[in-house]
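S.K.: Got a structure for you, written out below as structure tokens; questions coming shortly.
Just so you know, all these numbers are worked out from the coordinates, no wet-lab data involved. Owing to the predicted nature of the structure, the values given are computational and were not obtained by experimental measurement. Positions of Cβ are backbone-derived with ideal geometry, glycine not excepted, and every protein chain shown enters the neighbour counts.
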Amino acid sequence: MRKSLLLCFAAGTIAITGYAQDIKEKEVARIIGTLAADDMGGRLPGTPGIEKAANFISSEFSKAGLQPLPGEKNFFQEFGKYRMEQSSVALTVNGQEKDWPVIPVGAGRDFDWEKDGSYNELHAKDPAALMQILRHPEKLEKNTLIWLDPSMAGYLSDLSASFSERSYDTREALETAADKASEGKHMIMVFEKEPVAADATWRIHLRRAIHIQHFANVAGMIKGSGKPDEYVVFSGHYDHLGTLPAVAGDSIANGADDDASGTTAVIMLAKHFKKHPPVRSVIFVAFTAEESGGHGSRYFSEKQDPDKVVAMFNIEMIGKESKFGRNSAFITGFERSDFGQILQRNLHGSTFSFYPDPYPEQNLFYRSDNATLARQGVPAHTISTTQIDKDQYYHTVDDELSTLDVGNITDIINAIAISAGTIVNGTDTPTRIEKASVK
């Protein structure tokens, strides 16, 4: 049996009576299980699956008694982005048609390539080496075809979002980027489902058209009783990768840890703080399109006055034990404000501990949905447990509920609820983060 949190609070914090009763393991499992079910289809933006997920989150917010954000009629914060979308693609290898993923790099419109000696070919197995190539297209002497090894299947969505499906706020901005792209050299990535020999012949015919994609964050709030114009944000992203190349007949990337676990925490915290009315206003938001460029969090953040946002608790992948063991989580950017110190102080005497990010080389602080507000000076941090350097389920079809430790998730959500108490109730105000330019 898990050890329960032994909670003692300093004077001025919320009473803890009933806290452990608010967040139940059975309910946590129900919500994660619903979001990560096969019928959600992997929650890829633009698909029926993510619409179903958004409706589910909206219904949970309604049950919790939240109200829409100011200016919104409901819990959906809708917006659109322009991007290039493939209208047709034909790939042949050694004269045989292949249905393999083809990912053009950049904003180019049309491609008619075939092996004739005028193209450079690379075979990529190392993600880090591939990134170095993709980030410096100006170094290309020829148009380049990159064959992606089957081991890189989990990176397909990231590669597409970062280097192919970049979105723009206006059609004009995208057209300008496309015109500029036509002047330089190009790269195309092809995911090979079977080995391609160095002497293989190939042809690629690809057409792209400008497409507007519609997105929706799901957001609600509780108005503060004493400081309604000061805001605390709890967030997580509810989108995922959709489908991936099938493994043992399974192609659905369920995203149970990434980030149904964080979205579940947001829903549970909404229900918790409705029962314990806050002094500051509290916003609960499930972001879309984190996996495809962070569009949801950027749109949300641009609608906020950063001077009024006191803190942001972004919750990302809390489905398994951290490297520090049970009853622990880490906070990205721990050293950038006293946010983490406040949380840890509020857990004094308990069995739970927050730690600094153990993976500084991964630059996680600016890789999640806290980044936009953090750059504006808000003490916006991500809470996580992922052992990202060795998580075998990350961005695979095996990221399912059965791989998660629901009991540990429940303890983490309880710890967040308790440790956030003095911030939500206006006793503590975290120090601001040094502002940074967009990178």
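S.K.: So, in Å, what gap is there between the alpha-carbon centers of the stretch 78-132 and the stretch 398-439?
M.R.: Each part's Cα centre sits 39 Å from the other's.
S.K.: Hey, another quick one. Please compute, over every Cα-Cα pair in the stretch 82-212, the percentage with a separation greater than 26 angstrom.
M.R.: On the way: 1463 of 8515 pairs.
That fraction is 17 percent.
S.K.: Something else: Which residue fluctuates most in the GNM of the chain (Cα springs below 10 Å): E183, E51, E165?
M.R.: So, out of E183, E51, E165, the one fluctuating most is E183.
S.K.: Let me ask another. Between K323 and H205, 0.36 nm times their residue separation minus their Cα-Cα distance comes to what?
M.R.: Values: separation 118, 0.36 × 118 = 42.48 nm, distance 4.68 nm.
In short, 37.8 nm is gained.
S.K.: Which FRET efficiency value, to the nearest 0.05, is calculated for T431 and Q362 with the Förster distance at 25 angstrom and r the Cβ-Cβ distance?
M.R.: On the way: r = 24 Å, r/R0 = 0.96.
Once rounded, the FRET efficiency stands at 0.55.
S.K.: The list [x] 24.7; [y] 22.1; [z] 22.8 gives values of Kirkwood radius over Cα pairs in Å, and only one came from this structure; which label was calculated from it?
M.R.: [z]
S.K.: Please tell me which of these pairs span more than 22 angstrom C-alpha to C-alpha: K81/K303; K24/K271; K26/K320; K125/K390; K24/K390?
M.R.: Values: K81/K303 16 Å; K24/K271 11 Å; K26/K320 17 Å; K125/K390 17 Å; K24/K390 29 Å.
Too far apart for the 22 Å limit: K24/K390.
S.K.: Over all alpha-carbon pairs in the stretch 285-429, figure out the percentage whose distance exceeds 25 Å. If you can, show how the numbers build up before the last one.
M.R.: On the way: 2786 of 10440 pairs.
Every Cα pair in the stretch 285-429 considered, those over 25 Å come to 27 percent.
S.K.: So how much slack lies between D126 and K303, counting 0.36 nm per residue of separation and subtracting their Cα-Cα distance, in nm? Walk me through the numbers on the way to the answer.
M.R.: Values: separation 177, 0.36 × 177 = 63.72 nm, distance 3.87 nm.
59.8 nm is the gain from fully extending D126 to K303.
S.K.: Let me ask you something else. How much length, in nm to one decimal, is gained on full extension between D398 and A173, taken as 0.36 nm per residue of separation minus their Cα-Cα distance? Write down the numbers at each step before the final one.
M.R.: Working: separation 225, 0.36 × 225 = 81.00 nm, distance 3.81 nm.
Here the answer is 77.2 nm.
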